[in-house]
Amino acid sequence: MSVAEMNTVDMTEVLTYAYELGDMINQSAEVADYLYWKSRVNGNPDIQSMVRRLQAKKELFEETQRFGHFHPNYHAAKDEVAAVEKDLEQFEEVVRFKQAENALDDMLHTMSETIAFAVSDSIKVPSNDPNPKGGCGSGGKCSCG
């Protein structure tokens, strides 16, 4: 068996395990909770109406962002987005959906780190965290220091 054939077999096995891991993730409590609350959010007409309102406010705010603080409606548009977001937070479904989304994101990030660091401690693992911890700001371990 040549090296190329061994690599092909190994890659096939890796892909098989990856699909199995994907199936296990899809059967997890985190995914079930996420899908449940997502369906509750999508099925609530009051929430969907407010989501459309939020999208419209965000579009107006994006138009003002081209000029930043110098646009005469910048702060008002920003405040309107924040107000609609606050109104959305009054719905239990929205709060629980965000919690489920964060739990699923944390699980997937932990798995990504485990896989990456099994290969090398210096691999960078992206994160959705707006405030990265450690490293060089990429969410991974930094090898530059």
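For segment 45-90, what is the convex hull volume of the alpha-carbon atoms per residue, in Å³?
48 Å³
In whole Å, what is the distance between the alpha-carbon centres of segment 17-45 and segment 77-99?
What the calculation gives is 22 Å, centre to centre.
May I ask which of 98/124; 58/124; 38/58; 38/124; 86/124 have a Cα-Cα span longer than 23 Å here?
Beyond 23 Å: 98/124; 58/124; 38/124; 86/124.
Along each of the three principal axes of the Cα atoms of segment 39-135, give the extent in whole Å, ordering the values from largest to smallest.
Sorted from largest, the Cα extents of segment 39-135 read 50, 38, 15 Å.
In what sequence, highest mean first, do 43-51, 94-102, 65-73 appear when ranked by Cβ atoms within 10 angstrom?
Highest mean packing first, the order is 94-102, 43-51, 65-73.
Rule-based calculations on the coordinates, nothing more; no lab input. Because the structure is a prediction, the values reported are computed rather than measured. As a convention, Cβ positions derive from the backbone with ideal geometry for all residues, glycine included, and neighbour counts pool all protein chains shown.
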